[in-house]
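This report concerns only the one structure given below.
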Amino acid sequence: MTTIVLDNREWNKIRPKIDADYGKITTMISWRLRDTLGFTVRHHRDHNPINGHWVHDIRLDFVDEDAATFFRLKYL
């Protein structure tokens, strides 16, 4: 499984593009996003040991490398 890590700003730029291409319902339902684009979205929070702050990022878990490559070429 391949994972791409995005911050909130990057995800907020990409999500409207996906909505425009595939419809808003695609990003709202996880199984539909997985069937259509080959990934699921995971909101991840972790503690940063250096500065002690919480870090919130978006992780896109892809089912295979081909789907991740397609996503990189089209949206990143």
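Residue 43 to residue 72: FRET efficiency via 1/(1 + (r/R0)^6), r the Cβ-Cβ distance, R0 22 Å, to the nearest 0.05?
Result of the calculation: an efficiency of 0.60.
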Expressed as an acute angle from 0 to 90° and rounded to the nearest 10, what is the orientation of the C-alpha long axis of helix 8-22 relative to the principal long axis of the chain? 10
What is the packing order of peptides 63-69, 20-26, taking the mean over residues of other C-beta atoms within 10 Å and listing the highest first? 63-69, 20-26
Measuring from the longest principal axis of the C-alpha atoms of the chain, the long axis of helix 65-75 (C-alpha) lies at a number of degrees, nearest 10, equal to 90
Please report the orientation-averaged projected area of the chain, defined via the convex hull of its C-alpha atoms, in nm². 5.3
About the Cα centre of the range 2-75, what is the dipole size in debye to 20, counting +1 per Lys and Arg Cβ and -1 per Asp and Glu Cβ, all else neutral? 280
The chain: calculated mean residue ellipticity at 222 nm from DSSP helix runs of at least 4, using -39500 (n - 2.57): -15000 deg cm²/dmol
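FYI, it's all coordinate maths here, none of it is from the lab. All of these numbers come straight from a predicted model, not from anything done at the bench. Counting neighbours? That spans all protein chains shown, and the Cβs are built from the backbone with ideal geometry, glycine included.
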